[in-house]
Structures are given as C-alpha cells and as structure tokens.
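S.K.: I have a structure here, written as structure tokens, and I will follow up with some questions on it.
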Amino acid sequence: MFLSFITDLFQQDFMLRALTAGVMLGILAPLLGSIVVVRRLSFIADTLGHFSLVGISVSLFLSSLGFSYFFEKPLYLGIAFSVIGGLLIEFFRRSYTNYKEISMVIVISLGAALSAIFFALASKTGSLYQYLFGSILTVTNYYIYLILVTLGIVSLLFIFFGKQIVAVSFDETSAKFLGINVSIFQLIFMIMLSVVVSVLLEAAGVLLISSMMIIPVAAGMRIGWSFRSTTIISIVFSELSVLVGLWLAYSLTIPSGAAIVSINIIILLVVALTKKIINARRISKIDKNQIK
C-alpha cells in the first residue's frame with residue numbers, strides 16, 4: 001500500500017499537487033502559528049477562518065445572481081473578508097484593552113451569522129463539506145500558485161521585518177522602547193495572518209485551520225530551546241504530518257485535512273509522553289545520586 005502511494009505520488013497529477021501544496025502549507029502554518037502562540041491568540045485562526053467563510057458564501061451568493069466567476073474563484077473574496085475580519089479584531093482589541101479576547105468572540109459570531117445568511121441565499125452552495133473540513137487532494141494548479149505567491153510574500157516579510165514582528169509579539173512595551181512602530185507591525189502581522197488563514201481554508205477547512213497552525217507549535221514547544229528552534233521543529237513536525245496524513249487519506253479514503261490534523265495530534269502526544277518519561281528518569285537519577 002505504501003509503495004503504491006509513493007508511486008502515485010509522483011505519477012498522478014492530483015497527488016503531486018497535493019504534495020506540493022502540503023509542503024508549502026507545512027511551512028506557512030507553523031511559521032505564523034508560532035507568532036500566534038507567543039501572542040496568546042490561539043483562537044484567532046478559527047475566528048479568521050469563520051470570517052473567510054463569509055467571503056466564500058458571498059461568492060456563492062453572487063454566482064447565483066449570474067456572476068459565475070465568483071463560483072469558480074471563491075477564495076479571492078475569502079481572502080478579502082478574512083483581512084476585514086483581522087482588521088475588526090484589531091479594532092476591538094484596541095477598544096477593549098483589558099479584555100482583548102472579547103474581540104474574537106464578536107468577530108467569530110458575526111462571521112458565523114453572515115456565512116449562514118449568504119449560504120441560505122445562494123442557490124448553489126458547492127461543496128460545503130469541503131469548506132468545513134478541506135481537501136488537499138482536490139486542489140487545483142491555481143491554488144498551488146496562490147500558495148506559492150503567499151509563501152513568497154510571507155517569507156520576504158519575515159526576512160526584512162521578522163525581528164520587529166517577533167519583538168512586538170513578545171513584549172509591546174519593550175518594542176516601543178526600541179523605537180519600533182508597534183501599531184504598524186501589529187497591522188502587518190494581522191493582514192499576513194488573515195491571508196494565510198484564507199489560503200489554508202481550501203486544504204484544511206474552517207474547522208481544522210487552527211489545528212494545523214497551533215498543534216505543531218505546541219509539540220515543538222515541548223523540545224525547543226528557543227523561539228527559532230521551536231519554529232524549525234514545528235515546521236518539521238508539520239511536514240511529517242502532511243506526508244503521513246496524505247498517505248492515510250490515500251489509503252483509507254478519508255478527508256485529507258482531518259488525517260493531517262490527526263497525525264499532528266499523535267505527534268504531540270508522543271512528544272509530550274516522551275518528554276515526561278525523560279524528565280521522570282532524570283529526577284529519578286538525581287534522587288538516587290542524592291541518596292548515595
């Protein structure tokens with residue numbers, strides 16, 4: 001079964017597209033997820049995913065009015081609405097400085113309500129199941145190019161402004177003291193995150209986006225010794241989950257997004273248990289040496 005998977009992986013166009021998309025998303029998701037975790041905004045990916053779904057539903061509604069282009073390319077409005085959702089989160093975060101988590105509840109509620117309304121108004125809803133759970137095995141060439149462009153832009157932003165983004169994420173007060181324009185870099189990160197979440201939507205689905213971004217980082221945090229090492233380890237775990245998840249989806253005919261997330265969780269459990277066993281043995285050795 002595994003050998004046939006490897007053979008089809010490079011012989012079947014849809015499998016090669018899935019692998020290419022998975023590898024790029026395996027970099028994007030934990031790269032942004034590491035910043036999200038540092039900023040204690042783990043719930044934000046779900047929030048932006050729901051608002052991106054508004055764009056999808058609006059696209060389907062417009063297509064029912066005769067604008068067929070929106071039915072074929074719903075992700076563009078998904079990206080636009082995700083950015084709007086990100087800006088709304090930033091607005092409410094600044095309005096409720098002592099209760100910033102309220103912003104995500106407000107935006108996700110609005111997103112869910114608008115999505116339901118426009119899906120109900122649309123005469124054709126396409127594959128709603130795919131929007132909820134994703135399917136990396138059905139991605140198109142256009143989606144590959146979209147991920148590639150997104151990865152290129154995000155990489156450039158991290159190359160030129162990575163230190164500032166990380167500094168603002170860890171400590172806004174210290175970042176201001178260093179002369180960093182905190183508001184600008186918060187805005188840059190929010191827009192960047194909104195776009196990445198929308199791009200993840202087709203592969204992971206709105207219900208699994210947060211898992212692909214956060215769980216590899218959670219596993220990386222257990223063995224990483226710095227922010228950079230944690231991010232690199234998270235990307236390695238993410239790529240491993242993509243490869244194994246694709247194999248499971250291919251072999252068992254199950255949703256690829258769910259398979260990838262399941263492998264992510266298994267990796268997290270293995271890392272956590274291994275770390276706990278190692279720490280227990282170290283404590284045991286220390287106790288024995290003290291007794292001697």
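S.K.: Which percent of Cα-Cα pairs in the chain sits in each 5 Å bin, short to long?
M.R.: 1, 6, 11, 15, 16, 16, 13, 9, 6, 3, 2, 1, 1, 0, 0, 0, 0
S.K.: Can you tally the lysine pairs in the chain where the Cα-Cα distance is under 29 Å and the two residues are eight or more apart, or on different chains?
M.R.: Taking the chain as the scope, the lysine pair count is 10.
S.K.: Calculate one ³J(HN,Hα) per residue across segment 207-216 by plugging θ = phi - 60° into the Karplus curve 6.51 cos²θ - 1.76 cosθ + 1.60, and present them in order as whole Hz with x for glycine and proline.
M.R.: Karplus-based 3J(HN,Hα) across segment 207-216 equals 7, 10, 4, 4, 4, 5, 8, 9, 4, x Hz.
S.K.: Let me ask you something else. Note down the relative contact order for the chain as a percent, whole number, built from C-alpha pairs under 8 angstrom at least six residues apart. Before the final figure, lay out the partial values.
M.R.: Values: 410 pairs, mean separation 77.9, N = 292.
The normalised contact order for the chain reaches 27 percent.
S.K.: With charges only on Cβ, +1 for K and R and -1 for D and E, what is the dipole size of the chain about its Cα centre, in debye, rounded to 20?
M.R.: 1220
S.K.: Would you kindly derive the ³J(HN,Hα) couplings of segment 44-55 from the backbone phi angles with the Karplus curve 6.51 cos²θ - 1.76 cosθ + 1.60 (θ = phi - 60°), listing them in order in whole Hz, with x for Gly and Pro?
M.R.: The phi angles translate into 5, 5, 4, 4, 5, x, 5, 6, 5, 5, 4, x Hz.
S.K.: Amide H of Leu41 versus every other amide H placed in the peptide plane: which residues, excluding those fewer than 5 positions away on the same chain, fall under 5 Å?
M.R.: Those qualifying (amide H under 5 Å, at least 5 residues apart or on another chain) number zero.
S.K.: Follow-up question, since we're still on this one. Along segment 157-163, what does the Karplus equation 6.51 cos²θ - 1.76 cosθ + 1.60 (θ = phi - 60°) give for ³J(HN,Hα), rounded to whole Hz, x for Gly and Pro?
M.R.: 4, 6, 5, 8, 10, x, 4
S.K.: Oh, and also: If you wrap a convex hull around the alpha carbons of segment 71-184, what volume per residue comes out, as a whole number of Å³?
M.R.: Numbers: hull volume 15.5 nm³, N = 114.
Spread over its residues, the Cα hull of segment 71-184 gives 136 Å³ apiece.
S.K.: What value, in deg cm²/dmol to 500, does the helix sum -39500 (n - 2.57) over DSSP H runs of n ≥ 4 give at 222 nm once divided by the residues of the chain? Walk me through the numbers before you get to the answer.
M.R.: Working: 13 runs with 245 residues, N = 292.
Rounded to the nearest 500, the figure is -28500 deg cm²/dmol.
S.K.: Among Ile35, Ile254, Ile265, which one shows the biggest mean-square fluctuation in a GNM of the chain, springs joining Cα atoms closer than 10 Å?
M.R.: So, out of Ile35, Ile254, Ile265, the one fluctuating most is Ile254.
Every number in this text was worked out from the coordinates using simple rules, so none of it is lab data. It should be emphasised that the depicted structure is a prediction, and the values quoted were computed from it without experimental measurement. Ideal geometry is used to build each Cβ from the backbone, glycine not excepted, and the neighbour counts take in all protein chains shown.
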